[in-house]
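*Asks:* Can you read through this structure? Questions will come right after.
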């Protein structure tokens, strides 16, 4: 086997059991190998002389024995190990294409690389706007009190909402979610095709982006692994949703080449007949190849107590997404605690924003929700009640007790 040459020799370890499988994996890496030149491939670690390489890229790490990194390091303690956690050649091709495009031989390695994807360079303090569209007067008081840096709105909001948010903070980052009904008026799931979703949302999206050219980030749909958002009627699993998503994505990109489109946050947790939910981990695994083709990826994080706040499967769910999508800009497009007192929630949220502040590649986090007319949701999630009373979360966030790079007061 060739040991490669300058500038350094890299081995890509392909998760293949046969020459035919190796060909499938290797064929998608040809552009990458041509771009960086000193790239070699293997499928059997036992045949590799690790002393001849400065870098090894392990594709699909869970395919290999758990002690493989140790074996490699024992043979060559100076070798650098790069991991790409993908399950299919198609997904690998997308990641390698991104690396070639940005000149990242081993993916983003530091904050400079992430700045190419996310200019602010930090996770923004955000809040989901009013759940049914246009923000109301009392909502803007919350925005001011919390000194928000980002707000998520649906396309049922109008340019008036955007203008008001800009008046409070001229640099306000605004994330948009196109809104379409996936249930009938009596609550039954209904099938929504990609063309229908596109047709139902473009007029509202047109109105928003025509009013403000700084609007760029769009989350396509919301929690597609639950029945009320399309599961069983528009798709049956993550694979089918991935096909639906890519169909919508291609339509949007043709119309809005200047926008950056995100894969939506999922309802986190196991399969639940009561909640009409398909296991989020399974759904994401099935849809991962489609998610890789988005400009960024959204995720949802919820917890109900202090222990869950720091659980990697719940409050810190972004860490699992980072392992699966090491080169994607992430947004926590919804997070929250619907169970504990507003005082406990306020303290947790303040710490959560601070914890996320310096997470590489995390664009922003949006708590759910500033306000909602839903009588069941409002006491659980809202930052102010329907009478307009501030419930105490915003003031605590505005204090920035745990953040040193304070956002200037407006």
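The values are calculated or read from the model by the stated rules, or taken from the named source; none is laboratory data. Here the structure is a predicted model, which is why all the values come from computation and not from measurement. Every residue, glycine among them, receives a Cβ derived from its backbone with ideal geometry; neighbour counts consider all protein chains shown.
*Asks:* I'd like to know if the range 163-179 contains one or more residues that are free of Cβ contacts under 8 Å to residues at least 24 places away in the same chain and not in a helix (DSSP H, G or I).
*Replies:* Yes, the conditions are met somewhere in the range 163-179.
*Asks:* Let me ask another. On the given criteria, is residue 374 in contact (Cβ under 8 Å) with a residue 40 or more places away in the chain and either crowded, with 16+ Cβ neighbours inside 10 Å or touching a strand residue (DSSP E or B) at 6+ places or on another chain (Cβ under 6 Å) (or both)?
*Replies:* Details: in contact (Cβ under 8 Å) with a residue 40 or more places away in the chain: yes; either crowded, with 16+ Cβ neighbours inside 10 Å or touching a strand residue (DSSP E or B) at 6+ places or on another chain (Cβ under 6 Å) (or both): no.
Criteria not met by residue 374.
*Asks:* Output the residues belonging to the range 59-68 that are more than 28 Å from the chain's Cα centre (by Cα) and assigned to a loop (DSSP other than H, G, I, E, B). Before the answer, list the steps.
*Replies:* Taking the range 59-68 first, the residues more than 28 Å from the chain's Cα centre (by Cα) are 65, 67-68.
Answer for the range 59-68, where residues must be more than 28 Å from the chain's Cα centre (by Cα) and assigned to a loop (DSSP other than H, G, I, E, B): 65, 67.
*Asks:* Another question about this same structure. Pick from the range 118-129 the residues that are crowded, with 16+ Cβ neighbours inside 10 Å and touching a helix residue (DSSP H, G or I) at 6+ places or on another chain (Cβ under 6 Å): which of them is nearest to residue 386 (Cα to Cα)? Write out each step before concluding.
*Replies:* Residues of the range 118-129 crowded, with 16+ Cβ neighbours inside 10 Å: 118, 122-129.
Then keep just the ones that are touching a helix residue (DSSP H, G or I) at 6+ places or on another chain (Cβ under 6 Å); that gives 123, 125.
Numbers: 123: 29, 125: 23 Å.
Step by step, filter the range 118-129, then rank; the result is 125.
*Asks:* Taking the conditions exactly as written (within 20 Å of residue 20 (Cβ to Cβ), touching a residue at least 12 places away in the same chain (Cβ under 8 Å), over 27 Å from the mean Cα position of the chain (by Cα) and crowded, with 16+ Cβ neighbours inside 10 Å), does residue 42 satisfy them or not?
*Replies:* Working: within 20 Å of residue 20 (Cβ to Cβ): yes; touching a residue at least 12 places away in the same chain (Cβ under 8 Å): yes; over 27 Å from the mean Cα position of the chain (by Cα): yes; crowded, with 16+ Cβ neighbours inside 10 Å: yes.
Yes; evaluated as a whole, the condition is true for this residue.
*Asks:* Is the range 32-47 home to any residue that is at pLDDT 90 or above, under 22 Å from residue 325 (Cα atoms), touching a helix residue (DSSP H, G or I) at 6+ places or on another chain (Cβ under 7 Å) and part of a helix (DSSP H, G or I)?
*Replies:* yes
*Asks:* Answer yes or no as to whether residue 263 is crowded, with 24+ Cβ neighbours inside 10 Å, in the same structural domain as residue 140 (by TED's automatic domain parsing) and at pLDDT 95 or above. Before you say what the answer is, go through the steps one by one.
*Replies:* Values: crowded, with 24+ Cβ neighbours inside 10 Å: yes; in the same structural domain as residue 140 (by TED's automatic domain parsing): yes; at pLDDT 95 or above: yes.
Considered against the rule, which asks whether it is crowded, with 24+ Cβ neighbours inside 10 Å, in the same structural domain as residue 140 (by TED's automatic domain parsing) and at pLDDT 95 or above, residue 263 comes out as yes.
*Asks:* Restricting attention to the range 302-331, which residues are assigned to a strand (DSSP E or B) and touching a residue at least 60 places away in the same chain (Cβ under 8 Å)? Write out each step before concluding.
*Replies:* At the first step, the residues of the range 302-331 found to be assigned to a strand (DSSP E or B) are 302, 329-331.
Matches in the range 302-331: 329, 331.
*Asks:* Take the range 204-242 and flag every residue that is free of Cβ contacts under 8 Å to residues at least 12 places away in the same chain and farther than 22 Å from residue 166 by Cα.
*Replies:* Within the range 204-242, 235, 236, 240 qualify.
*Asks:* Here are some residues: 86, 56. Which one is assigned to a loop (DSSP other than H, G, I, E, B) and touching a helix residue (DSSP H, G or I) at 6+ places or on another chain (Cβ under 7 Å)?
*Replies:* Values: 56 fails: assigned to a loop (DSSP other than H, G, I, E, B).
Just a single option satisfies the conditions, and that option is 86.
*Asks:* Turning to a different aspect of this structure: Looking at 101, 140 in this structure, which one is without any contact (Cβ under 8 Å) to a residue 60 or more places away in the chain and assigned by TED's automatic domain parsing to the domain that holds residue 320? Show your work before the answer.
*Replies:* Details: 101 fails: assigned by TED's automatic domain parsing to the domain that holds residue 320.
Sole residue among the options that is without any contact (Cβ under 8 Å) to a residue 60 or more places away in the chain and assigned by TED's automatic domain parsing to the domain that holds residue 320: 140.
*Asks:* With the checklist (1) surrounded by 15 or more Cβ atoms within 10 Å (Cβ to Cβ); (2) farther than 17 Å from residue 23 by Cα in hand, flag the one item residue 74 doesn't pass.
*Replies:* It is condition (1) that residue 74 fails.
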